[in-house]
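Engineer: Okay, handing you the structure first.
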Amino acid sequence: MAQQEFINGLNALLPCHHDCVATIGSFDGVHLGHQALIAQVQKIASQLGLPSVVIVFEPQPYEYFSREKAPSRLTRLREKVGQLFEQGVDRVLCLKFDPMLRGLSAQAFVDQVLVFGLGVRHLVVGDDFRFGCDRNGDFSFLQQYGEHAGFSVTDTHTQLAEGVRISSTRIRSLLEQDKLAEASKLLGREYSVTGRVVYGNQLGRTLGFPTANIGLGRYRAAVQGVYAVTVTGGGC
């Protein structure tokens, strides 16, 4: 099995990264819907004897446009990459979502990232996937453009749980309502938070319940409050 690799930006791509099966998205939470898409990528990559690549963005597009009003994240970049690798992905390409990337048309994005950057042979996208500053990038566009650019495309069907679409937004809403068990079912694992323990107001110890505050930097957690948890790492 090839060593898994994190590629930070288009400028870090090398000729050895050409020829792959890829998918694109935010993949916040790497939930069951994402996992089904990744499984399809893995299956096709295995059939073609090519590495699998997941293309993600940092910051996530909705964070770029909404700024401080952006909804909370389910996973920070490091957590997301680790979860993608746990799903068996060979490479994760992280693109900086900045004014230059935001200004690319659908055709320019395909040319620069998929064709010249990665030499994608097959692309798998979600059924609601759209991209490009002109919003012309969708499954139909990719199919037509791929015919002369040298890659094929398939889409995936929406994954449902109890008749409702599995999405990062739905999971975020469940967490905000403290419905952790329901959210964990859609994630395919228990919800977790990763970070360094930082000093808080130290009020818990005055009540006989010392607490550990997790510093998340500029990100907000989808849950707010005081919870009884299981801790791993740091010798625990």
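Engineer: What label, among [x] 80, 47, 26; [y] 58, 44, 29; [z] 68, 39, 39, belongs to Cα extents along the principal axes in Å computed from the structure on display?
Structural biologist: The value computed from this structure is option [z].
Engineer: Could you give me the ³J(HN,Hα) list for segment 103-117, computed from phi with Karplus coefficients 6.51, -1.76, 1.60 and θ = phi - 60°, whole Hz, x at Gly and Pro?
Structural biologist: Computed from phi, the couplings for segment 103-117 are x, 6, 6, 4, 5, 5, 5, 4, 4, 6, 8, 7, 7, 6, x Hz.
Engineer: Which three extents, in whole angstrom, do the alpha-carbon atoms of segment 5-141 cover along their principal axes, largest first?
Structural biologist: For segment 5-141, the Cα spread along each principal axis is 42, 30, 29 Å.
Engineer: Report, in whole Å, the centroid distance computed from the Cα atoms of segment 155-174 and segment 60-92.
Structural biologist: Spelled out, the Cα-based centre of one part sits 17 Å from the other.
Engineer: Oh, and also: Would you work out which of CYS20, PHE151, VAL193 lies farthest towards the positive end of the dipole of the chain? Charges go on Cβ: Lys and Arg +1, Asp and Glu -1.
Structural biologist: VAL193
Engineer: Helix 139-149 versus the longest principal axis of the chain: what angle, 0 to 90°, nearest 10, using Cα atoms?
Structural biologist: 50 degrees
Engineer: Which angle from 0 to 90°, rounded to the nearest 10, does the C-alpha axis of helix 77-86 make with the longest principal axis of the chain?
Structural biologist: The helix 77-86 is inclined about 70 degrees to the chain.
Engineer: Beta carbons within 10 angstrom, averaged per residue: use that to sort the peptides 76-85, 141-150, highest first.
Structural biologist: In descending order of packing, they fall as 76-85, 141-150.
Engineer: Mind checking which of GLY215, GLY132, GLY225 has the largest fluctuation in a GNM of the chain, springs on alpha carbons under 10 Å?
Structural biologist: GLY225
Engineer: Using a probe radius of 1.4 Å on heavy atoms only, what accessible surface per residue do you get for the chain? Whole Å² is fine.
Structural biologist: On a per-residue basis, the chain sits at 57 Å².
Engineer: Under the rule a/c < 1.5 gives rounded, and otherwise a/b versus b/c splits prolate from oblate, where does segment 14-56 land using the Cα gyration tensor?
Structural biologist: In terms of gyration-tensor shape, oblate.
Engineer: Show which lysines lie in cross-link reach of LYS179 when reach means a straight Cα distance below 29 angstrom and same-chain residues fewer than eight apart are skipped.
Structural biologist: LYS69, LYS80
Engineer: Now a separate question. Per the 1.4 Å probe, what fraction of the accessible area of segment 44-161, in percent, lies on carbon and sulfur atoms?
Structural biologist: After summing per-atom areas, the C and S share lands at 50 percent.
Engineer: Right, something else. Give, in nm to one decimal, the length gained when the segment between SER46 and SER66 is fully stretched (0.36 nm per residue of separation minus the Cα-Cα distance).
Structural biologist: Going from the current span to full extension adds 3.4 nm.
Engineer: Would you mind telling me the antiparallel percentage of the DSSP bridges in segment 1-97, rounded to 5?
Structural biologist: Rounded to the nearest five, the antiparallel share is 0 percent.
Engineer: Counting only helical runs of four or more DSSP H residues, what would the 222 nm mean residue ellipticity of the chain come to if each run contributes -39,500 (n - 2.57) and the total is spread over all its residues?
Structural biologist: Dividing the helical sum by the residues of the chain leaves -8000 deg cm²/dmol.
The values are calculated or read from the model by the stated rules, or taken from the named source; none is laboratory data. Note that the structure is predicted; figures quoted are calculated from it, not measured. Please note: Cβ atoms are built from the backbone with ideal geometry, for glycine as well, and neighbour counts cover all protein chains shown. Quick note on the areas: whole protein, heavy atoms, side chains included, nothing else; ligands and nucleic acids left out. Shrake-Rupley method; radii C 1.70, N 1.55, O 1.52, S 1.80 Å.
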